[in-house]
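The structure under discussion appears below in the form of structure tokens.
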Amino acid sequence: MSLKLAARVEMPKQPAEERRRNFEEVTLGLTPDQARAEASRCLKCKARPCVSGCPVEVLIPEFLALVVQGEFEQAQGKIQERNSLPAICGRVCPQEIQCEQRCVLGRRGEPVAIGMLERFVADYAREGELARRQHCELKMVPQSLLKEGAPRIAVVGSGPAGLSCAAELAKRGYQVDIFESLHDTGGVLRYGIPEFRLPEAIIDYEVDYVKSLGVNIFTNVVVGLSLDLLELLESEEYQGAFLGTGAGLPYFLNIPGEGLNGVYSANEFLSRANLMKAYRFPHYDTPLKVGRRVAVVGAGNVAMDAARVAVRLGAEEVSIVYRRTREEMPARLEEIEHAEEEGVQFRLLANPIKIHGDEKGHVQAMECATMKLGEPDASNRRRPVVVPGSEFILELDTVIIAVGQGPNPLLTRRLPGLALNEKGNIVVFDEYGATSIQGIWAGGDAVSGAATVISAMGAGKRAAEGIDLWFKSRGQDSGI
Ligand code: FAD
Ligand code: SF4
Ligand code: SF4
């Protein structure tokens, strides 16, 4: 006899026609009843394969059991034992290739919606906390975890890697200062991922949680320019450092015309829209004209975000230009579908070869070649090959290049002796992220190249463990 599985609860979302014109969150979140119903699908498997699919090993069956009982705030505490940023991960983690991919229910139907439930729990706890704060005029209470005489650690970068390393170190009793070059915290979470996928209030709240653990965050500090890291370590002002500097340097296509007005890197375009609030112009002084026709080159999450921002800024025709087919597109399926629903078009098997400008030096058109797929390349995806004589012209006002990012060399070139690979990523020598310089650890995109929020968080957390082990191995005078 085969048992019939209950269907997975569907996430409610704003209708596509409505959301095309606003920056409000697309997905609306589950109700308590929906959350309990979804969590009750969990089979409480003894082997817990879902947990090993999560890079920070969230205690999934335990938090789901608390959701079933309606103990939502306790469920939040259970998640926070392993994950300092649950409302963020519940929204942007590629769950379908991590925790949910390992869920046994996926073999017979649809896996438990672990990401949606993590988001529900975190939002519920956040709303409760905010209501209590408003009612009692309380601020989030700083927890006194600091151990006397504990080593002081400098964390460079306030993206997910830096925040998670700092939170874990603070929980273990270390003094932690984060230095961030931008005027606000969060790294890509804030300047890259648009508000309609990850609202700012959520980032603020989760950063506040990290601060409540006793972590200090100093913004507008470019380490390598305004602070010399080696000097800080040599003077023993800090006893160790973690580099979570990300991969914020955009790659370009290296084709003629990339210097024309109206050509942006996705990084610049999204930063103007998100961090500098161009979509609230003239309330914010950041004009960002997209014109009528926009092409975004690339097909990862970054490209989907740029295309969907362009739609919301009023462009009439927005297309993704990609040299392979839909099957090879690296973006999450959910993001591709949302983009399609919002009217983004896909010009597949098309490769830009030249951007043409008008007499004023502004983009006018992009010349592309039609491609076909050949034999698999090093990435195991079929290599796109030009179809001879197939060139065509797309008339455009704006081109956004979203073909990847690499690490920014600003800090690394000021750290002689820091081993880097041929792409400029920091080389680490153990699972904890120890670099070639004693006392400096690294993790996140700066090491792996552009990856995911949760993998950066996992690396930050492991580095904190490594730092802790190192100080413990040095004996009592560390204070830990
Ligand atoms: P970052 O988030 O890049 O943070 C690094 C921080 O270090 C930055 O704030 C930077 O200003 C700061 N910094 C750099 N150098 C210095 C210095 N010298 N001094 C001081 N501060 C410095 N991942 C997902 O899992 N899901 C998604 O949906 C998703 N969407 C994405 C959408 C976009 C548009 C982009 C660009 C990326 C997306 N990613 C997504 C990838 C994910 O955001 C990154 O993998 C992750 O943010 C990496 O974290 P990190 O902490 O290593 O680096
Ligand atoms: Fe899944 Fe991400 Fe949550 Fe881990 S942090 S359980 S991978 S949604
Ligand atoms: Fe529950 Fe799926 Fe994890 Fe099993 S694998 S414990 S069903 S979430």
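Look through 369, 378, 295 and report the one residue that is among the aliphatic types (A, V, I, L, M), modelled with pLDDT under 95 and not in a helix (DSSP H, G or I). So that I can check it myself, show each step before the final result.
On the way: 369 fails: modelled with pLDDT under 95; 295 fails: modelled with pLDDT under 95.
None of the other options fit; the residue is 378.
Which pairs turn up if I take residues in the range 92-111 that are farther than 24 Å from residue 338 by Cα and look for partners that are within 16 Å of ligand 1 (Cβ to nearest atom) and in a loop (DSSP other than H, G, I, E, B) with beta carbon separation below 6 Å, at least 6 apart in sequence or on another chain?
Qualifying pairs under 6 Å: 102/53.
In the range 85-101, which residues are more than 11 Å from the chain's Cα centre (by Cα) and of a type in the set (A, V, I, L, M, F, W, C)?
Kept after step one, since they are more than 11 Å from the chain's Cα centre (by Cα), are these residues of the range 85-101: 85-87, 90, 95-101.
Those that are more than 11 Å from the chain's Cα centre (by Cα) and of a type in the set (A, V, I, L, M, F, W, C): 85, 87, 97, 99.
Looking only at the range 295-322, count how many residues are β-branched (Val, Ile, Thr), in contact with a strand residue (DSSP E or B) (Cβ under 7 Å, 6 or more places away or on another chain) and within 16 Å of ligand 1 (Cβ to nearest atom).
Summing the residues that are β-branched (Val, Ile, Thr), in contact with a strand residue (DSSP E or B) (Cβ under 7 Å, 6 or more places away or on another chain) and within 16 Å of ligand 1 (Cβ to nearest atom) in the range 295-322 gives 5.
Taking the range 425-477, which residues are more than 16 Å from ligand 1 (Cβ to nearest atom), in a helix (DSSP H, G or I) and open to solvent by 40 Å² or more (accessible area, probe 1.4 Å)?
Answer for the range 425-477, where residues must be more than 16 Å from ligand 1 (Cβ to nearest atom), in a helix (DSSP H, G or I) and open to solvent by 40 Å² or more (accessible area, probe 1.4 Å): 465, 469, 470, 472, 473, 476, 477.
Can you name every residue in the range 323-344 that is within 16 Å of ligand 1 (Cβ to nearest atom), more than 17 Å from the chain's Cα centre (by Cα) and closer than 20 Å to residue 368 by Cβ?
329, 339, 344
To keep it simple, each residue is scored yes or no on (1) within 20 Å of residue 203 (Cα to Cα); (2) in the same structural domain as residue 455 (by TED's automatic domain parsing); (3) within 11 Å of ligand 3 (Cβ to nearest atom).
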{"residue": "53", "(1), (2), (3)": "no, no, yes"}
{"residue": "65", "(1), (2), (3)": "no, no, yes"}
{"residue": "70", "(1), (2), (3)": "no, no, no"}
{"residue": "94", "(1), (2), (3)": "yes, no, no"}
{"residue": "97", "(1), (2), (3)": "no, no, no"}
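On the basis of being within 16 Å of ligand 3 (Cβ to nearest atom), open to solvent by 40 Å² or more (accessible area, probe 1.4 Å) and at pLDDT 95 or above, does residue 102 make the cut?
Numbers: within 16 Å of ligand 3 (Cβ to nearest atom): yes; open to solvent by 40 Å² or more (accessible area, probe 1.4 Å): yes; at pLDDT 95 or above: yes.
Judged against the criteria, residue 102 is a match.
Please go through (1) more than 16 Å from ligand 1 (Cβ to nearest atom); (2) of a type in the set (D, E, K, R); (3) under 26 Å from residue 168 (Cβ atoms); (4) open to solvent by less than 30 Å² (accessible area, probe 1.4 Å) for residue 19 and return the number of the only condition it doesn't satisfy.
Tallying (1) more than 16 Å from ligand 1 (Cβ to nearest atom); (2) of a type in the set (D, E, K, R); (3) under 26 Å from residue 168 (Cβ atoms); (4) open to solvent by less than 30 Å² (accessible area, probe 1.4 Å), residue 19 fails exactly one: (3).
The values are calculated or read from the model by the stated rules, or taken from the named source; none is laboratory data. Computed from a predicted structure; not experimentally measured. Neighbour counts run over all protein chains shown; Cβ positions are idealised from the backbone, glycine included. Side chains are part of the model used for accessible areas, which takes the heavy atoms of the whole protein and leaves out ligands, DNA and RNA. Shrake-Rupley method; radii C 1.70, N 1.55, O 1.52, S 1.80 Å.
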